[in-house]
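The next block holds one structure in the form of structure tokens; read it before the comments.
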Amino acid sequence: MMHTARELARFLEAELEGDPEQPVRGLAGPEQATAEDLIYCEGERHRARAEASHAGTALVPTGLALTGKTLLRVEQPKLAFARAATLLVETALVARGIHPTAVIAPGARLGPGVGIGPYAVIEDKVEIGAGCEIGAHCYLGQGTWIGESCRLYPRVTIYPGARLGSRVVVHAGVVIGSDGFGYVRGPEGYWKFPQVGGVEIGNDVEIGANTTIDRGSLGTTRIQKDVKIDNLVQIAHNVEIGEHVVIAAQTGIAGSSVVERNAVIGGQVGMGDHCVVEEGAVCGSGSGILTGKKIRRGLVVWGTPARPLAEFKRQYAWFSRLPDLAARLKLLEEKLGDE
Amino acid sequence: MMHTARELARFLEAELEGDPEQPVRGLAGPEQATAEDLIYCEGERHRARAEASHAGTALVPTGLALTGKTLLRVEQPKLAFARAATLLVETALVARGIHPTAVIAPGARLGPGVGIGPYAVIEDKVEIGAGCEIGAHCYLGQGTWIGESCRLYPRVTIYPGARLGSRVVVHAGVVIGSDGFGYVRGPEGYWKFPQVGGVEIGNDVEIGANTTIDRGSLGTTRIQKDVKIDNLVQIAHNVEIGEHVVIAAQTGIAGSSVVERNAVIGGQVGMGDHCVVEEGAVCGSGSGILTGKKIRRGLVVWGTPARPLAEFKRQYAWFSRLPDLAARLKLLEEKLGDE
Amino acid sequence: MMHTARELARFLEAELEGDPEQPVRGLAGPEQATAEDLIYCEGERHRARAEASHAGTALVPTGLALTGKTLLRVEQPKLAFARAATLLVETALVARGIHPTAVIAPGARLGPGVGIGPYAVIEDKVEIGAGCEIGAHCYLGQGTWIGESCRLYPRVTIYPGARLGSRVVVHAGVVIGSDGFGYVRGPEGYWKFPQVGGVEIGNDVEIGANTTIDRGSLGTTRIQKDVKIDNLVQIAHNVEIGEHVVIAAQTGIAGSSVVERNAVIGGQVGMGDHCVVEEGAVCGSGSGILTGKKIRRGLVVWGTPARPLAEFKRQYAWFSRLPDLAARLKLLEEKLGDE
């Protein structure tokens, strides 16, 4: 896909400085870029790296001088770079056409342009929207409903009845709709609490490799639109995740918790059941949010149990000086004892 | 599956109040229930939700008044609800019959009524008991032995020689019998310590999605009957888990540790190697149990390193007041310095 | 595979005491061993177990007396035991020959002696070196390059373009080359930052079950030779892991972090992005290393935020005595208040 700096400028609504005919074929980091690559530079701090690059074209913010390159001035160079990728990077197809080895139930309905990879299994009453790509070895349980232009990488497993929106990207090894973890102790052992609810994934959600999302027990597990979930994350039954929430790797969210829109959840966070993380709150990596806890709107928390970041830092600073505090206390005791 | 309140009462040994002919077709949460659904209500606190429900039939404890519904009085409504599910909920089959695409070694032995899904691979000398369902894309390594009425969801991988009891439920993406993590450093790099032991899973065990259970190195990894394991849990080589143990998501149990019967292990717990969690002990979510540590019978522990909950809470309360303690100490120092 | 003590002694460069014709057919733990098994004993502490064993042959260090067995004296018995395993343990083949159900693109190139299991999918331009075994249900994306004598257990998924060295062992459920987790917030939602880099795995690396290794965003994710990675580990985009690094289960390493050679990373460690763990450093299990942090060469750290072990232990000891410290402070305050 050959483009020119002019075309890119138009696409990104950027201000062009330099050669409008500069060819742009791809994008790269400054060190890897060739003359026909696009790079981005967010500020003075990275200027040297950018100038040393072989890249012919660079996205820069207003006011940044960068010699020897065709410049595309924008407000947010990194954002523009991400947008440029949709033009410059051709994503490899996960599946093209219906592979003859795919096992597709007669009652499944496939939209136009759907690709199904080798050995995928599509059960009865599945509906797949136009332009979806379903990778090799995927399993779509009975009644799975998938919107348009979704991309399921190889080896995604979806239990019966799950619903995915459009443009959802699901990475390899993900399990959607597995039974939640609920048991009731009887006199002779555990009885499984019914795990018969649903799971609904909104538009533009991306789910990282080997992540697991359980179905609701009686209700529904809901992931709203534009949620981004990293690898090896666990989302339990009945959890609700609001729009534009970001969840980093290996975080676990226990049953019935609610994460409201625009919240940011770091990696390896542990959230007990029935928690609420309000809109825009940030849970630092590794923090632990106790069962039933509410994290207030916009708050940044850290630690276990999670508390406001500034508070935690102050407490932790003193933790580091505990041996010193103890020594000072001892000294006082000795002084007073001497009296 | 149409039932009546009378039938349910008999099945659950419940005391019936109201219309014995009230039809019951399913179960649901109070908000989702229709007239022909069963709900449960455990006490006063949830009475309003239950009364507002459209459900025609409710499981309630002795003494709870609930108007407008046929009541089934039992000691433990939630337990009865879970038991009712075995009558009211028809679990979707994971596999029905032997799919023609399944690759089954001639030396494998399948009991009556076994279902094998598309593209499953059953290696030589595998034995599968009556009524088992083996989902699509499952892989059963040579010599795997499986009891009766087990259910392996799609894409379960079992390494050679593993043994599973009866009524074991294994969710998608689980790996059983992978090599344990053991190496010996030599002059030029690591040598793998032999990982040639076995893995045995008892009756009525359930294993959550994408969980991994390693085989023993020289000995055997053992999961006793009625153990319930959540998603993304790691069980290392030679670990022994006693009966009725519950392990929540993302917990990791390192080599040769022992968790005795009836223990409860929260989510994201980290247990070092050679630990012992004695009978009935409870390890709170996120706690860390150091290598070789023993958690005494019935104890509830939390924190890293794990300690008795009450003790940890007391210590943690003071941690939160550390800045205050430090200020008070400073004040004393100033007072004494003034003298 | 029948051997004699003499053959083993020669292979291990061990000093033989006892019957050189003692047959050795396998290896085992002391309790499980039969007369024809080899065991090892590292010191006095384990002598009783070793002597009680039925094993006919034992690896022992210089100076350890052990009656009734043929002895092989070596400097490091456990290391010699691991080396002996290469002679005594016949690893079950993961795949033998090319299974007729494997889908292999015409443009893929397979070296001599390559085995491909049932339902594996090998895409175009894949190169697989001599003697590799590719298990059932594996997926090798376009342009994957694999060296010689690798072993991919069933159900490994490799995204397009990944490169693996020789003798790499990859366990079931591993995902290599999935997209890294990077987004840029725009006015209406998230844009995916391009994840178009590579992933390179060195010789003799072993990767545990259900672990995920993301490709680089613009650069490359690199795992050097002889790195050993346990189950359910997350390695993010652009991470670099040096030679002989060991990473225990459920650890997560965020983007662009560097772990230098010979470092040891415990289980459930969380490492932020852009960290550096210098050569030979040790990060204790469960420790948390904050974004951008550098752990100095050879240092042993623990806790969150990670700090030198001795320091952490000292601080933690006082944490445990916080209620006591507080009481002592109160006493002083009362004393001084009285004056």
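The values are calculated or read from the model by the stated rules, or taken from the named source; none is laboratory data. Being a predicted model, the structure only gives us computed values, none of them experimental. Cβ atoms come from the backbone with ideal geometry, glycine included; neighbour counts cover every protein chain shown.
Is it fair to say B:HIS244 is within 25 Å of A:HIS137 (Cα to Cα) and within 7 Å of another protein chain (Cβ to nearest Cβ)?
Numbers: within 25 Å of A:HIS137 (Cα to Cα): no; within 7 Å of another protein chain (Cβ to nearest Cβ): yes.
No.
Among residues of the range A:220-267 being of a type in the set (Val, Ile, Thr), assigned to a loop (DSSP other than H, G, I, E, B) and farther than 15 Å from B:LEU232 by Cβ, the one that is farthest from the chain's Cα centre (by Cα) is A:VAL245.
So is C:LEU87 within 21 Å of B:TRP191 (Cβ to Cβ), at pLDDT below 95 and either in contact with a Phe, Trp or Tyr (Cβ under 7 Å, 6 or more places away or on another chain) or of a type in the set (D, E, K, R) (or both) or not? So C:LEU87 passes the test.
Quick grid of which residues meet (1) over 25 Å from the mean Cα position of the chain (by Cα); (2) under 30 Å from A:GLY180 (Cα atoms); (3) among the hydroxyl-bearing types (Ser, Thr, Tyr); (4) within 12 Å of chain C (Cβ to nearest Cβ):
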site	(1), (2), (3), (4)
A:GLU75	no, no, no, yes
A:LEU88	no, no, no, yes
A:PRO100	yes, no, no, yes
A:ARG109	yes, yes, no, no
A:ILE122	yes, yes, no, no
A:VAL156	no, yes, no, yes
A:SER166	no, yes, yes, no
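So C:GLU200 clears everything in (1) at the interface with chain A (Cβ under 10 Å from one of its Cβ atoms); (2) within 30 Å of A:ASP37 (Cβ to Cβ) except one condition, right? Which one? C:GLU200 satisfies every listed condition except (1). For the range C:80-113, a residue qualifies if it is within 20 Å of C:VAL169 (Cβ to Cβ), in contact (Cβ under 8 Å) with a residue 24 or more places away in the chain and not in a loop (DSSP other than H, G, I, E, B), and the qualifying residues are C:PHE81, C:ARG83, C:ALA84, C:ALA85, C:LEU87, C:LEU88.
In the set (1) within 13 Å of another protein chain (Cβ to nearest Cβ); (2) farther than 22 Å from C:PHE312 by Cα; (3) touching a Lys or Arg at 6+ places or on another chain (Cβ under 6 Å), B:GLU279 fails one condition alone, (1).
Go through the range B:42-59 and count every residue that is out of contact with any Pro (no Cβ under 6 Å at 6 or more places or on another chain) and buried (at least 21 other Cβ atoms within 10 Å of the Cβ). Break it down into steps so the answer makes sense when it comes.
Step one: of the range B:42-59, the residues out of contact with any Pro (no Cβ under 6 Å at 6 or more places or on another chain) are B:43-48, B:51-52, B:54-58.
Restricting the remaining residues to those that are buried (at least 21 other Cβ atoms within 10 Å of the Cβ) gives B:55-58.
Residues that pass the stated criteria total 4.
Say whether the condition of being in a loop (DSSP other than H, G, I, E, B), of a type in the set (Phe, Trp, Tyr) and either buried (at least 20 other Cβ atoms within 10 Å of the Cβ) or touching a residue at least 24 places away in the same chain (Cβ under 8 Å) (or both) is met by at least one residue in the range C:118-129.
Taking every residue of the range C:118-129 in turn, at least one turns out to be in a loop (DSSP other than H, G, I, E, B), of a type in the set (Phe, Trp, Tyr) and either buried (at least 20 other Cβ atoms within 10 Å of the Cβ) or touching a residue at least 24 places away in the same chain (Cβ under 8 Å) (or both).
Scanning the range A:151-167 for residues that are crowded, with 24+ Cβ neighbours inside 10 Å, without any contact (Cβ under 8 Å) to a residue 40 or more places away in the chain and not in a strand (DSSP E or B) turns up A:ARG155, A:VAL156.
Need at least 1 residues that are at pLDDT 95 or above and of a type in the set (Gly, Ala, Ser) per element, so show me which strands (runs of 3 or more DSSP E) inside the range B:1-79 make the cut, counting only ones lying wholly within it.
On the way: elements: B:15-17, B:37-40, B:57-61, B:70-74.
In the range B:1-79, B:57-61 are the strands (runs of 3 or more DSSP E) which contain 1 or more residues that are at pLDDT 95 or above and of a type in the set (Gly, Ala, Ser).
Consider the range C:306-315 and keep the residues that are more than 8 Å from chain A (Cβ to nearest Cβ) and crowded, with 16+ Cβ neighbours inside 10 Å. The one that is nearest to B:ARG314 (Cα to Cα) is C:PHE312. Do we find a residue being in contact with a Leu (Cβ under 8 Å, 6 or more places away or on another chain) and either away from chain C (no Cβ under 11 Å) or surrounded by fewer than 22 Cβ atoms within 10 Å (Cβ to Cβ) (or both) anywhere in the range A:291-302? Yes, the range A:291-302 contains at least one residue that is in contact with a Leu (Cβ under 8 Å, 6 or more places away or on another chain) and either away from chain C (no Cβ under 11 Å) or surrounded by fewer than 22 Cβ atoms within 10 Å (Cβ to Cβ) (or both). Among residues belonging to the range B:168-183 that are surrounded by fewer than 24 Cβ atoms within 10 Å (Cβ to Cβ) and in a strand (DSSP E or B), point out the one that is nearest to the other protein chains (Cβ to nearest Cβ). Looking at residues that are surrounded by fewer than 24 Cβ atoms within 10 Å (Cβ to Cβ) and in a strand (DSSP E or B), I get B:TYR183. Tell me the residue from B:GLU42, B:GLU31, B:GLU13 that is more than 10 Å from every other protein chain (Cβ to nearest Cβ) and out of contact with any helix residue (DSSP H, G or I) (no Cβ under 6 Å at 6 or more places or on another chain), please. So the residue among B:GLU42, B:GLU31, B:GLU13 that is more than 10 Å from every other protein chain (Cβ to nearest Cβ) and out of contact with any helix residue (DSSP H, G or I) (no Cβ under 6 Å at 6 or more places or on another chain) is B:GLU13.
Using the structure shown, decide if B:GLY337 is touching a Phe, Trp or Tyr at 6+ places or on another chain (Cβ under 9 Å) and within 14 Å of chain A (Cβ to nearest Cβ). Judged against the criteria, B:GLY337 is not a match. Is it true that C:GLY135 is at the interface with another protein chain (Cβ under 10 Å from one of its Cβ atoms), in contact (Cβ under 8 Å) with a residue 40 or more places away in the chain and buried (at least 24 other Cβ atoms within 10 Å of the Cβ)? For C:GLY135, the condition - at the interface with another protein chain (Cβ under 10 Å from one of its Cβ atoms), in contact (Cβ under 8 Å) with a residue 40 or more places away in the chain and buried (at least 24 other Cβ atoms within 10 Å of the Cβ) - is met.
Restricting the range A:184-219 to residues that are among the hydrophobic types (A, V, I, L, M, F, W, C) and in a strand (DSSP E or B) leaves a set whose member that is surrounded by the fewest Cβ atoms within 10 Å (Cβ to Cβ) is A:VAL184.
Of all residues in the range A:138-150 being outside any loop (DSSP other than H, G, I, E, B) and more than 14 Å from every other protein chain (Cβ to nearest Cβ), which is nearest to C:ASP179 (Cα to Cα)? Talk me through it step by step, then tell me what you get.
Applying the first criterion (outside any loop (DSSP other than H, G, I, E, B)) to the range A:138-150 yields A:139-140, A:145-146.
Going one step further and asking which of them are more than 14 Å from every other protein chain (Cβ to nearest Cβ), we end up with A:145-146.
Numbers: A:TRP145: 24, A:ILE146: 21 Å.
Restricting to residues being outside any loop (DSSP other than H, G, I, E, B) and more than 14 Å from every other protein chain (Cβ to nearest Cβ), the top hit is A:ILE146.
Screening the range C:168-186 for residues that are touching a helix residue (DSSP H, G or I) at 6+ places or on another chain (Cβ under 9 Å) and without any contact (Cβ under 8 Å) to a residue 60 or more places away in the chain and picking the one that is nearest to C:ALA120 (Cα to Cα) gives C:TYR183.
Taking the stated definitions as given, is C:THR251 crowded, with 24+ Cβ neighbours inside 10 Å, within 11 Å of chain A (Cβ to nearest Cβ) and polar (S, T, N, Q)? Walk me through how you get there before you give the answer.
Values: crowded, with 24+ Cβ neighbours inside 10 Å: yes; within 11 Å of chain A (Cβ to nearest Cβ): yes; polar (S, T, N, Q): yes.
Criteria met by C:THR251.
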